[in-house]
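Below: one structure, written as structure tokens.
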Amino acid sequence: MLHLYDTATGTVHPLELRNEGEVSMYVCGPTVYDMPHIGHGRANLTFDILRRYLSFTGLKVHHVANVTDVDDNIIERAAELGRTEADVAAEFEARWWESMDALGDLRPQDIPHATQYIEDMVALVGQLVAMEKAYETPDGVYLEVSTVEGYGLLAQQSLESLQTGARVEANEDKRSPLDFALWKKAKEGEPSWESPWGPGRPGWHTECVVMSLDLLGEGFDLHGGGQDLKFPHHENERAQAVADGKVFARHWMHHGWVEVGSTKMSKSLGNFTTLPDLLARCDARAYRVLVLRAHYRSPIEVTPETLADAEKALGRLDGLARRFDVAELLAETDGAFVVEGTPPATGVDPGASAAFRARMDDDLDTPGALAGIFELVTAAHSAADVGDEDEGGRLAHTAAVLAAALGLSLRAADVEVDEESARLVAARDEARRAGDYARADALRDELVARGWTVEDTASGTAIRR
Ligand SMILES: [Zn+2]
């Protein structure tokens, strides 16, 4: 059974399921106002790996991730671009899924959007006001956190110590600086919805609590996100559920961030790389390898060196696929057992499989699990080198199945280039020769959107899957 670190208790303990054989998980999704960056890529890969592994062990996973399609950033961006909020949100959501598809992440089964849940959110806010756990001010409705049992659970601090550390705010209408907005009254020209407190929009923390409980029900198994979401976002989601008398998530999982030169990478620091940029520079699978090589709670460093290293490791896996005929096997397994949770294909070495599961069950020790796969690669070659092709094939098969359980596919050869892609390559070379770099970039984006990795070589544009 999977043992996982739980932020709420600060301990590693078994992921005990509400319903036998089924895992319900909610992961906080994007606010869509800009290109996804590599921090988002890590977040999605982390939960994709968890989901695939749970499926591999025979569990049925219900994965929900939201899209925040109304918020201050979107409003600001729309004003900047002279477009509507809905238009901006739709465009950047499309960019988001393009990148996540390219990374090989399975899409969540449910993708609720904030704007589809306004009525339910108004109802929850009204309920909390009626219970006298929330109050109205001139600019909105706030939850009074001192009415919430155990506030500070995820921050791992008491209410008193949080209050001492809280910033003194200009908003004098709030009863405590920790109280947070459930509803924001609309300012002139902002998108708004009707409510008992006048036109406005819901606060961000209200969205996830309403959508997760609606789609997964009370006491769902796992709630996840990046470390930076622990407090205040997840704390405040939980606070609303508790105030409303509901059982919320039973387990909290948070992953580490991406670092650039040992500083956290973030949009606000301006030191971020977008996913399309990264995917144009390396094999998308290399980023998955890089993520797998670190424990999910540790930071990862994304540099040209760490990426090149990951590509080298990937080369060893692909080398296995070239020597042993695993292509047929991957066609059978890739996607099939992963999505449906069917037990793995036969012919897998039982000892290696058990060792793999022991590592993964230990708080998702992906570095250990991956190392085990590479030991199999070495052993497969050694067996074949001394003439034992059958043993080599068996070990190669095992390595391929276990890699697929982490979402890593092996490739024996590059796929054939279709006519349209070949045309785009030729057009890009022509644009580069003519010095039209804007057009060359646009053509590169088109190729990336078609699933290619694009490289500039001495002889022109080179593409591979
Ligand atoms: Zn959330």
Check which residues have an amide H placed less than 5 Å from residue 219's amide H, if you skip close sequence neighbours. 247, 248
All alpha-carbon distances of segment 1-112, grouped into 10 Å bins from 0, give the whole-percent distribution 13, 38, 29, 16, 5, 0
Within 10 Å of each residue's Cβ, count the other Cβ atoms and sort 188, 194 from fewest upward. 188, 194
Length gained, residue 116-residue 227, 0.36 nm per residue minus C-alpha separation, equals 37.3 nm
Computed [θ] at 222 nm, deg cm²/dmol, the chain (DSSP H ≥ 4; -39,500 (n - 2.57); rounded to nearest 500): -14500 deg cm²/dmol
Cα-centred dipole magnitude for the chain, charges only on beta-carbon of K, R (+1) and D, E (-1), debye, nearest 20: 660
Note, segment 17-28: 3J(HN,Hα) by Karplus (6.51, -1.76, 1.60, θ = phi - 60°), whole Hz, Gly/Pro = x, goes 8, 5, 10, 4, x, 10, 10, 9, 9, 10, 10, 5
If you take the beta carbon distance between residue 301 and residue 374 as r and set R0 to 35 Å, what does 1/(1 + (r/R0)^6) give as a FRET efficiency, to the nearest 0.05? 0.95
Counting only C-alpha contacts under 8 Å and six or more residues apart, can you give the relative contact order of the chain as a whole percent? 18
Residues whose modelled amide H sits under 5 Å from the amide H of residue 61, counting only those 5 or more places away in sequence or on another chain, are 23
Tell me which DSSP H helices of the chain clear both cut-offs, 27 Å or more of axial length from alpha-carbon atoms and a mean Kyte-Doolittle hydropathy of at least 0.0. 366-385
Sequence of 35, 131 once ranked by neighbouring C-beta atoms within 10 Å, starting from the fewest: 131, 35
Projected onto the charge dipole of the chain (unit charges on the beta-carbon of Lys, Arg, Asp and Glu, signs +1, +1, -1, -1), the Cα from 135, 317, 255 with the largest positive-side position is that of 317
Alpha-carbon Debye profile of segment 1-60, log10 I(q)/I(0) at 0.12, 0.22, 0.23, 0.24 Å⁻¹: -0.39, -1.02, -1.07, -1.12
Taking 8 Å as the Cα distance limit and 6 or more residues as the minimum spacing, I'd like the relative contact order of segment 22-158 as a percentage. 25
Please give, to one decimal in nm, the separation of the simple spin-label points placed at residue 464 and residue 188, each 7 Å out from Cα toward the Cβ. 5.8
Taking placed amide H atoms and a strict 5 Å upper bound, the residues 5 or more places from residue 183 or on another chain that come that close are 141, 203
Estimated FRET transfer efficiency (residue 84, residue 446; beta-carbon r; R0 30 Å; 0.05): 0.75
In the chain, if every C-alpha pair distance is counted and binned at 20 Å from zero, what percent goes to each bin? 22, 52, 24, 3, 0
Which of 312, 185 comes first, and how do the rest follow, when ranked by fewest Cβ neighbours within 10 Å? 312, 185
In the chain, lysine pairs 8 or more places apart or on different chains with C-alpha atoms under 19 Å apart total 9
Pull out the extension gain between residue 163 and residue 73, defined as 0.36 nm times the separation in residues minus the alpha carbon to alpha carbon distance; nm, one decimal. 29.7 nm
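Here, each number is a calculation from the coordinates, and none is a lab measurement. Keep in mind it's a predicted model, so treat the numbers as computed, not measured. Reconstructed Cβ throughout: ideal geometry from the backbone, glycine too, with neighbour counts over all protein chains shown.
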